[in-house]
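Laboratory data are not the source of any read-out in this text; all were calculated from the coordinates shown. This structure is a prediction, so every number in the text was calculated from the model and none was measured. A quick note on method: Cβ atoms are made from the backbone with ideal geometry, for glycine too, and the neighbour counts reach across all protein chains shown.
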Amino acid sequence: MDLRLRAVELSDIDRIFEWENDFSLWNLCSTRTPFSRYAIEDYVKSVQNYDIYTTKQIRFMIDIIENNDVITVGCVDLYDLEPDNLRAGVGVLIDTKYRNMGYASMAIDKLWLYSRDILHLNQLFAHIPEDNISSLRLFSKCGFKETAILRQWLRRGDGFIDVKLFQKIK
């Protein structure tokens, strides 16, 4: 089995539409309104095809290749690129039927190499809600270190939860 990161293609629009509009994932980010298929198609046709230094973000689709079959299992993003400070945020999504198979850690490791060797970034960071135990474990496994806690950062119901800042520095 091999894993590769690749650019988003028009054929990925329906899959991205499904993931971006999965309400169960919205507690992990600041999304509060659904995305239209048109908006996702526009993103793929425009932002995705510009230079990362212009858009400050890039999404890679995560493919696994087994016995000449290619299966897209998720995506991994670089966002909030700061070229002057040589850092960017990272986020990863693995489709529910492919979770807990090691694909997320393999994708983050490949993204780290791309960020370090191609973009020459000094660090990647991730904001992880304290109750997202699987992501806390994932980023720790990938060599990220918890460096800060953002107190009462995300609203959950009638209360707030903390978010942990993880960094991987060259």
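Counting only Cβ charges, +1 for Lys and Arg and -1 for Asp and Glu, the dipole size of region 53-104 around its Cα centre is about 120 debye. For the chain, a simple Cβ point-charge model (Lys and Arg +1, Asp and Glu -1, everything else neutral) yields a dipole of about 560 debye relative to the Cα centre.
In percent, rounded to a whole number, the relative contact order of the chain is 17, using alpha-carbon pairs under 8 Å and six or more apart.
At q = 0.08, 0.12, 0.17, 0.19 Å⁻¹, what log₁₀ I(q)/I(0) does a Debye calculation on the Cα points of the chain give, no solvent, two decimals? The calculated log intensity ratios at q = 0.08, 0.12, 0.17, 0.19 Å⁻¹ are -0.24, -0.56, -1.19, -1.47.
How much net charge surrounds SER105 when only other residues with a Cβ under 12 Å from its Cβ are counted (Lys, Arg +1; Asp, Glu -1)?
Values: positive: ARG99, LYS110, ARG137, LYS141; negative: ASP109.
In short, +3.
Working note: 222 nm ellipticity from helices only, DSSP H runs with n ≥ 4, each -39,500 (n - 2.57), summed and divided by the residues of the chain, gives -6500 deg cm²/dmol to the nearest 500.
How high is the FRET efficiency from GLU41 to ILE71, r the C-beta distance, R0 22 Å, rounded to 0.05? Display every interim value, and only then the final one.
Values: r = 22 Å, r/R0 = 1.02.
Given R0 = 22 Å and the Cβ-Cβ separation, E is 0.50.
Say R0 is 30 Å: what FRET efficiency, to the nearest 0.05, do ILE169 and TYR53 get from their beta-carbon distance?
On the way: r = 21 Å, r/R0 = 0.70.
Given R0 = 30 Å and the Cβ-Cβ separation, E is 0.90.
Considering only ALA104, HIS127, GLN152, the residue lying farthest towards the positive end of the dipole of the chain is GLN152, judged by Cα position with unit charges set on Cβ.
Just in region 91-146: which trypsin sites (Lys or Arg not before Pro) are loop by DSSP and have at most 15 other Cβ atoms within 10 Å? It would help to have the intermediate numbers written out before the result.
On the way: sites: LYS97, ARG99, LYS110, ARG116, ARG137, LYS141, LYS145; in loops: ARG99.
Here the trypsin sites (Lys or Arg not before Pro) that fit, given the DSSP loop and packing criteria, are ARG99.
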